[in-house]
Amino acid sequence: MTAPHTPADLPGRIQHYIDGEFVDSVDGDTFEVLNPVTNETYVHAAAGKKADIDRAVAAARRAFTEGPWPRMLPRERSRVLHRIADIVESRDARLAELESFDSGLPITQALGQARRAAENFRFFADLIVAQADDAFKVPGRQMNYVNRKPIGVAGLITPWNTPFMLESWKLGPALATGNTVVLKPAEFTPLSASLWAGIFEEAGLPTGVFNLVNGLGEDAGDALVRHPDVPLISFTGESRTGQLIFANAAPYLKGLSMELGGKSPAVVFADADLETAIDACIFGVFSLNGERCTAGSRILVERAIYDEFVERFTALTKRVKVGLPHDPATEVGALVHPEHYEKVMSYVELGKSEGRLIAGGGRPEGFPTGNYVSPTAFADVSPDARIFQEEIFGPVVTITPFDTDEEALALANNTRYGLAAYIWTNDLKRAHNFAGAVEVGMVWLNSNNVRDLRTPFGGVKASGLGHEGGYRSIDFYTDQQSVHITL
Ligand code: NAD
């Protein structure tokens, strides 16, 4: 292993950003942020609590009630968002370097995520200008139309996987629609979020519209969820946390958008283009270190091609290049944090008794420190195995055979999750029928995890509530008031 890379000009400490100022926590408390390759503390971040959330919400509320942002024309807000997109794009290399360093993601994949973050802003900048609202006429009797209004202070709570991109997925529509925001990024990966403030200032976002409070979920996150002046919470994270937030927000009757966990099936039928399907299955579970909500982490394979699939999948898994996150040749880097590493490793150990280990199964050779897990695959996994049922969120995959379409569907639906499914078959009718019957929010037919930003994004069952993406995001972040006029 060559030496790990440390980016130049790392901040000396990570602060909150409230009302246009970088500030420490009211009580001065901080938490340690670890480098996932060494697990050494590389910076301390301000540990926000209720008092810090109160300050941030007060600033955001002031910017909403008194500031220009909610009252600007969509076209004017759109210009600011386009400037944000341009700045993000112009800094993609730096963003990727910091994100890769902080999260352990391979640098080439972090670069793709930085560009996608710019695209998210550009997309919502365009969408808000093109926005049309319903108007209905009953000739001679009545006219009805819709007033669309920003709601207020949006609380955005985000996870540590591809943090900058996922933050942009919420910030883009929340700001485009004229809301002000308080962002609470994940405590494992606060580094890239600290860049938003400078980007927004440079793009001309008015003071107080964007506020950032770092800290633990049970402190800063919880205070945001329970704040009475925050009418909206958009949350992405684990299903368990989503349940808790749902309960804690209930007394305040907040708008909630929940993007939660997944255990998505990749279903490979015997008539599929096998080479493409295997490559896509490898990408689907091992890209982004397997720390991807839509990872195809349960592969179901028709028995006629099962042995061949397993053999070829094993060979390719063994060739996936584990390496230092900053190395452009790396395909799987270090997992985000030692706590998460322990969780993933516990599933790897469990898998040895629940399935047939065909690749990986522990720490890769040559990586004595850091959160490294070999790309790991288990074959012959039964649907009642925990590794089949539970989200592992790492480079670990199960493979299970099936005999009929009905069995494939039953297996695909046999988890509490329902985020995504990938279907590989050249039978058109089967593909569409299966897509319609599988209980998930998003289906990819003979294709990889590439999205059109206009489409709904979200899961069913334990994978989420509500959809974001395209106009659904605009709907979530706005009130739609109907106006009726008798003619
Ligand atoms: P997590 O639920 O542990 O944390 C997510 C965020 O919630 C963090 O900012 C955390 O500090 C905060 N939080 C924790 N407890 C809280 C509480 N009681 N009140 C308020 N906030 C609280 O999730 P994670 O481990 O950071 O992320 C991984 C999970 O996210 C996986 O389950 C993954 O599938 C899911 N995810 C889903 C999507 C999607 O779009 N469906 C996308 C990415 C990740």
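For the chain, what is the charge dipole size about the Cα centre, in debye to the nearest 20, if Lys and Arg each add +1 at the Cβ and Asp and Glu each add -1 at the Cβ?
Working: 45 positive and 62 negative charges, 283 e Å.
Roughly 1360 debye, rounded to the nearest 20.
From the residues H227, T400, S239, which one has its Cα farthest along the dipole of the chain in the positive direction, the dipole being from +1 and -1 charges on Cβ of Lys/Arg and Asp/Glu about the Cα centre?
H227
Pairs K263/K318; K49/K343; K149/K170; K49/K254: which exceed 24 Å Cα-Cα? Please report the intermediate quantities before stating the final value.
Values: K263/K318 22 Å; K49/K343 27 Å; K149/K170 17 Å; K49/K254 20 Å.
From the list (K263/K318; K49/K343; K149/K170; K49/K254), the Cα-Cα distance tops 24 Å for K49/K343.
What number, in percent, do you get for the relative contact order of the chain if the mean sequence gap of Cα pairs under 8 Å and at least 6 apart is divided by its residue count? It would help to have the intermediate numbers written out before the result.
Working: 1127 pairs, mean separation 89.3, N = 487.
Taking the mean separation of contacting Cα pairs over the length of the chain, I get 18 percent.
Could you pull out every residue, at least 5 positions away or on a different chain, whose amide H is within less than 5 Å of the one on G441? Hs are placed 1.01 Å off N in the peptide plane, and Pro or chain starts have none.
The list, which skips near neighbours in sequence, is L419, A420, V460.
Can you give the net charge of the other residues whose Cβ lies under 11 Å from the Cβ of E187, counting K and R as +1 and D and E as -1? Walk me through the numbers on the way to the answer.
Details: positive: K184; negative: E32, E218, D219, E339.
Surrounding charge for E187 is -3.
Mind ordering 143-150, 13-20 by average Cβ neighbours within 10 Å, highest first? Walk me through the numbers on the way to the answer.
Numbers: 143-150: 15.4, 13-20: 21.2.
Ranking the peptides 143-150, 13-20 by packing returns 13-20, 143-150.
Can you give the FRET efficiency for N448 and S353, using 1/(1 + (r/R0)^6), R0 = 41 Å, r = Cβ-Cβ distance, to the nearest 0.05? The partial results should precede the final answer.
Working: r = 32 Å, r/R0 = 0.78.
According to the calculation, E is roughly 0.80.
Give the peptides 367-376, 90-99, 70-79, 161-170 in descending order of average Cβ contacts within 10 Å, highest first. Could you put the intermediate results ahead of the total?
Details: 367-376: 21.8, 90-99: 19.6, 70-79: 16.0, 161-170: 25.6.
Highest to lowest by the protection proxy: 161-170, 367-376, 90-99, 70-79.
Add +1 for every Lys or Arg and -1 for every Asp or Glu among the other residues with Cβ under 12 Å from the Cβ of I358, and state the total. Walk me through the numbers on the way to the answer.
Working: positive: R312, K318, K352, R356; negative: D307, E311, D380.
Taking every Cβ under 12 Å from that of I358, the sum is +1.
I'd like the distance separating the alpha-carbon centroids of region 62-90 and region 409-446, in whole Å.
39 Å
Picking from S473, L300, A334, whose Cα lies most toward the positive end of the charge dipole for the chain (charges on Cβ: Lys, Arg +1; Asp, Glu -1)?
Positive-most Cα among the choices belongs to S473.
For the chain, what is one quarter of the convex hull surface built on the Cα atoms, given in nm²?
Details: hull surface 95.6 nm².
With the hull built on Cα positions only, its mean projection is 23.9 nm².
Read phi for every residue in region 261-269 and hand back ³J(HN,Hα) as whole Hz from Karplus 6.51 cos²θ - 1.76 cosθ + 1.60, θ = phi - 60°, with x for Gly and Pro.
My calculation for region 261-269 gives x, x, 8, 7, x, 10, 9, 10, 8 Hz in order.
Where the centre of each part is set by its Cα atoms, how far does region 199-266 sit from region 291-356, in angstrom?
30 Å
Read-outs: derived from the displayed coordinates by stated rules, not from any lab. Remember, predicted model here, so these are calculated numbers, not experimental data. Cβ sites come from the backbone with ideal geometry, for glycine too, and all protein chains shown count toward neighbours.
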